[in-house]
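This report refers to the structure that appears directly beneath it.
The values are calculated or read from the model by the stated rules, or taken from the named source; none is laboratory data. From a predicted model like this one, the values you see are computed outputs, not experimental measurements. Backbone-built Cβ (ideal geometry, glycine too); neighbour counts: all protein chains shown. Note: areas computed on protein heavy atoms with side chains; ligands, DNA, RNA excluded. Shrake-Rupley method; radii C 1.70, N 1.55, O 1.52, S 1.80 Å.
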Amino acid sequence: MRVEFPDFRLGNVLATSFTGTLSERHGNAVERIPTPHRLVDWLAVSGLAVDSCTTAQLDLARELRESVHVTATAAAMQDALPASAVQVINDCSTQGRAAAVLTPEGKRRWRLSSASCVEDALSVIAADAIGIIAGERDGKLALCASPTCQAAFFDTSQSRTRKWCDMNTCGNRQKKARFNANQRKNPRSAE
């Protein structure tokens, strides 16, 4: 029997997409990397393919994910960055052996060697987190307006006023709830 896992929620920013591997943090949490193999799958679709992952490496990945989440949340709220989380991000950033390469389209991609391991991929995620938290990229950190989600995301919209981490999930859910509430208030407007 095949075990079904929840779909990955992939965005344009590696570090905040990684924090999205645990969603609905303030509701019924959804773990999207429950097994080492599932982390390997997420890394592959994110351009950071590795051959294998141990339980200890999955634990390290989750520690990095939570450290990026709390640090990005603090940065979005303009609070002090939590020292222990910053240390985890810095430690992961320095452990890897990944190289930045330029694509023919003029984009930066990360290349892992054939001998790369999970720590190498995590160093890329940590480096990306450092770049967005330090304000080195064009955009701003924000928190999802969904009360059950509140994920940190990197807003690159022109006005920097995006409300949802993902319009297809949190945004649509909130719009639907607002529509249903209005229908209950004004039942004749549906006729």
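Residues checked against (1) touching a Cys at 6+ places or on another chain (Cβ under 7 Å); (2) closer than 24 Å to residue 139 by Cα; (3) not in a helix (DSSP H, G or I):
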| position | (1), (2), (3) |
| --- | --- |
| 50 | yes, no, yes |
| 53 | no, no, yes |
| 66 | no, yes, no |
| 74 | no, yes, no |
| 81 | no, yes, yes |
- Any chance the range 162-183 includes a residue that's under 24 Å from residue 70 (Cβ atoms) and modelled with pLDDT of 85 or more? yes
- Filtering the range 124-152 for residues that are open to solvent by 10 Å² or more (accessible area, probe 1.4 Å) and either closer than 19 Å to residue 22 by Cα or not acidic (Asp, Glu) (or both) leaves a count of 17
- Message: If I go through the range 1-58 residue by residue, how many of them are among the charged types (D, E, K, R), modelled with pLDDT under 90 and open to solvent by 30 Å² or more (accessible area, probe 1.4 Å)?
- Response: 5
- Looking at the range 83-105, is at least one residue closer than 29 Å to residue 168 by Cα, over 12 Å from the mean Cα position of the chain (by Cα) and open to solvent by 30 Å² or more (accessible area, probe 1.4 Å)? yes
- Query: Taking interchain pairs and intrachain pairs at least six residues apart, which have beta carbon atoms under 8 angstrom, with the first residue in the range 43-68 and more than 17 Å from residue 124 (Cβ to Cβ) and in contact (Cβ under 8 Å) with a residue 24 or more places away in the chain and the second of a type in the set (Asp, Glu) and not in a loop (DSSP other than H, G, I, E, B)?
  - Reply: none
